[in-house]
Amino acid sequence: MGDIKQRAYDALVTTIHTVVLEPARWDALLKRIADTVNADSAAFYLRDKLSGIASQCNLVGYPEALTLCFQDAATEVDPWTRIALRANVGVWVSQTACFDDRRLNPDTATMLARLGLSRRSAIACRVFDDGRNEALLGFQRDAGAAPFAREDNELLSRLSQHLELACRLSSEFSRLRLQAAVARQALDRLATPIWVLDVDGTILFANHAAQQGLPCLSVKKGRLQADTSPVSTRLASLLAQATGPKPRSGALALDHEEGGRHTVLVAPLPPESPLAADWRRPLVLLMAHNPMLSDAQPLEVLSALYGLSPAECRLASLLLEGCSPAEAADRLMVQVSTIRTQLKSMFWKTGTHRQGELVKLLSGALLLKA
């Protein structure tokens, strides 16, 4: 490969890696690759294999009417890109044909004919397939142009591994964004104020209720601080205790001037726990409870935060009562092996390693009870 072609290839690879963090640049990437292989149009679909519904659809160089048609089609992939479904992942297939087969939606076939696009030269590839999602990418030329040549196939084949990685990461990031959005919405619906802090009180997360503020607590320069010296000292001590070599839970009482009281649970989040995993260091979970205003059960709050299933919540309740795994199995009418499987899942979700650690973490929730 000559220096000019190598530089063009390197620039394409850089652009491919960029779209992982900036999905809005997929159109620019398609246009750049299309220009490199002298294509008139390009299409990219990231879709669910079972339903055929596309979670991402990027079309470049298509007539507006056809773009709307393909964007709105839930289970139909455009005919020029669909040729990639016959080949293995990473294999580019070129074809010049008249796409008027019976599998096409009649309205789409009619539109293709009306626009004079029934016959086109295309090259396409299934660039990604994880068993659940697949990504299809295709480029087209007018039928009167020369078909895609071997050098076009070779260039696109070299790009395949980078495109596959970009699709894999984009798919995973999309899943994580959805999970984060769902979790955020769930936590915002709780009446219980919830914060995640680091050891110096810097707020890394606060749900909607926490953002409304609490008496005796305020936010200054992104840190949660107490308004009085005694409470400030106690809060700093609890944060250090929760992130120390042997993290422990504690509680902080906040008395209101009008006579009310909030009890704040201060619980450790080990670095390997799901909530702390993104920061790779010990964090602290704070949950405030007002017995006069909130009927929320602490265990249900912990369930929302740690993702405990209903069955795991029932087991947690029995463990907090002092039941052994065998006693819990008897009361829940399940096998002891089922209880041990649920315990392993709860260890992973809460970042604990033994039953004693798990009970200690969950027992902190009892501090919130009236």
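The values are calculated or read from the model by the stated rules, or taken from the named source; none is laboratory data. Since the model is a prediction, treat every value here as computed from it, not as a measurement. Cβ placement follows ideal geometry from the backbone for every residue including glycine, while neighbour counts extend to all protein chains displayed. Areas reflect the complete protein model, heavy atoms only, side chains present, ligands, DNA and RNA absent. Shrake-Rupley method; radii C 1.70, N 1.55, O 1.52, S 1.80 Å.
Regarding PRO274, is this residue surrounded by 13 or more Cβ atoms within 10 Å (Cβ to Cβ) and modelled with pLDDT under 70? Judged against the criteria, PRO274 is a match. Within the stretch 15-24, being buried (at least 16 other Cβ atoms within 10 Å of the Cβ) and without any contact (Cβ under 8 Å) to a residue 24 or more places away in the chain holds for one residue alone: THR15.
If you filter the stretch 255-271 down to residues that are open to solvent by 60 Å² or more (accessible area, probe 1.4 Å) and assigned to a loop (DSSP other than H, G, I, E, B), you find that the one that is modelled with the lowest pLDDT is GLY259. Evaluating PRO63 against the criteria (1) open to solvent by 30 Å² or more (accessible area, probe 1.4 Å); (2) in contact with a strand residue (DSSP E or B) (Cβ under 6 Å, 6 or more places away or on another chain); (3) at negative phi leaves one unmet condition, (2). Annotation: of all residues in the stretch 310-347 being without any contact (Cβ under 8 Å) to a residue 12 or more places away in the chain and under 23 Å from the mean Cα position of the chain (by Cα), the one that is surrounded by the fewest Cβ atoms within 10 Å (Cβ to Cβ) is PRO310.
The set of residues from the stretch 215-236 being β-branched (Val, Ile, Thr) and in a helix (DSSP H, G or I) comprises VAL231, THR233. The strands (runs of 3 or more DSSP E) located wholly in the stretch 104-202 that include 2 or more residues which are at pLDDT 85 or above and open to solvent by 10 Å² or more (accessible area, probe 1.4 Å) occupy 119-129, 133-142. For residues that are modelled with pLDDT under 85 and open to solvent by 40 Å² or more (accessible area, probe 1.4 Å), tally how many sit in the stretch 214-227. Residues in the stretch 214-227 being modelled with pLDDT under 85 and open to solvent by 40 Å² or more (accessible area, probe 1.4 Å): 2 in total.
Only one of the listed residues (LEU305, LEU239, LEU252) is part of a helix (DSSP H, G or I), at pLDDT below 85 and either touching a strand residue (DSSP E or B) at 6+ places or on another chain (Cβ under 8 Å) or open to solvent by less than 70 Å² (accessible area, probe 1.4 Å) (or both). That residue is LEU305. The residue list ALA39, ALA28, ALA8, ALA34 contains one member that is small (Gly, Ala, Ser), within 25 Å of PRO147 (Cα to Cα) and buried (at least 22 other Cβ atoms within 10 Å of the Cβ), which is ALA39.
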